[in-house]
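What follows is a single structure, written as structure tokens, with notes after it.
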Amino acid sequence: MDEKQYLQQTRQFFDDLAPGWDSRVYHDARKLKLIVDICGLAPGGRLLDIGCGTGVMIGELLEREPRELVAVDISPRMIEQAAKKYRDARLKLVTGDLFDLEEIGFDLALLYSVYPHFPHKEKLAHRLAQLLRQGGRFMIAHSESRDIINNRHQGGMTERLSQPLEPVLQEAQIWQKYFDIDILADTEQLYLLSGKLKNNA
């Protein structure tokens, strides 16, 4: 399918799941805290939560005292669920495509439990390089193993709308054009890939 169809089908897929998402998907709160801890956020930063869904990471990110948190998702119904849970002047919820986002200069771009749904990885890396300030960090994170994630995405529409996670060293090769990669994990507990924007990116 072409890119427009992919976006439309992804939006519809997650719109359909949004009302019951929080009751059917479990996220270990200790791991969420650990992932954000590893990002090393200073107070007063500008944060971007990509594919925020129902806001799984929003509470943890707001606890780090950001100046602004922009949470974006392709699914309007996911954003509706997030809006029901959070009322905070620092939070801006955005329904739309990451590639249409006009704001730049973020200190962190977090992709929690969403990376497989971006089919064009190099294009994504380039986009994040545009969105982050110099020295800003991207973080791709899953609170489960690569095998569990890949098995969950097998079969039916889920498989059509996701790409398998490759070993983290292999995925890192895509990102090192723009970022100094300094965090890698590919274990039974976590999958992490992170780095800071290069000065010449």
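Values quoted throughout were computed directly from the atomic coordinates according to the rules given, and no laboratory measurement underlies them. If you're wondering where the values come from, they're calculated on a predicted model, not measured in any experiment. We place every Cβ from the backbone using ideal geometry, glycine too, and count neighbours over all the protein chains shown.
Observations on the structure shown:
- In the structure shown, the pairs LYS33/LYS177; LYS33/LYS84; LYS4/LYS177 are assessed against 25 Å; a Cα-Cα span above that value is assigned to LYS33/LYS177; LYS4/LYS177.
- Helical content alone sets the calculated 222 nm signal of the chain at -10500 deg cm²/dmol, taking -39,500 (n - 2.57) per DSSP H segment of four or more residues and averaging over every residue.
- The chain, Rg to Rh (Cα coordinates; Rh as Kirkwood inverse mean 1/r): 0.92
- Distance from the stretch 24-59 to the stretch 183-200 (C-alpha centre basis), Å: 15 Å
- The stretch 122-154-the stretch 67-86 distance, computed between alpha-carbon centres (Å): 19 Å
- For the stretch 8-72, trypsin sites (Lys or Arg not before Pro) are listed when DSSP marks them as loop and at most 14 other Cβ atoms sit within 10 Å of their Cβ; the list is ARG67.
- Neighbours of THR158, meaning other residues whose beta-carbon lies under 14 angstrom from its beta-carbon, give a summed charge of +1 when Lys and Arg score +1 and Asp and Glu score -1.
- Counting only DSSP beta bridges whose two residues both lie in the chain, roughly 40 percent are antiparallel.
- Annotation for the stretch 23-87: GluC sites (Glu not before Pro) lying in DSSP loop with at most 15 further Cβ atoms inside 10 Å of their Cβ are GLU63.
- Placing a pseudo-label 7 Å from each Cα along the Cα-to-Cβ vector at TYR86 and GLN9 gives an inter-label distance of 3.0 nm.
- Positive minus negative residues near THR10 (Lys, Arg vs Asp, Glu; Cβ under 12 Å): -2
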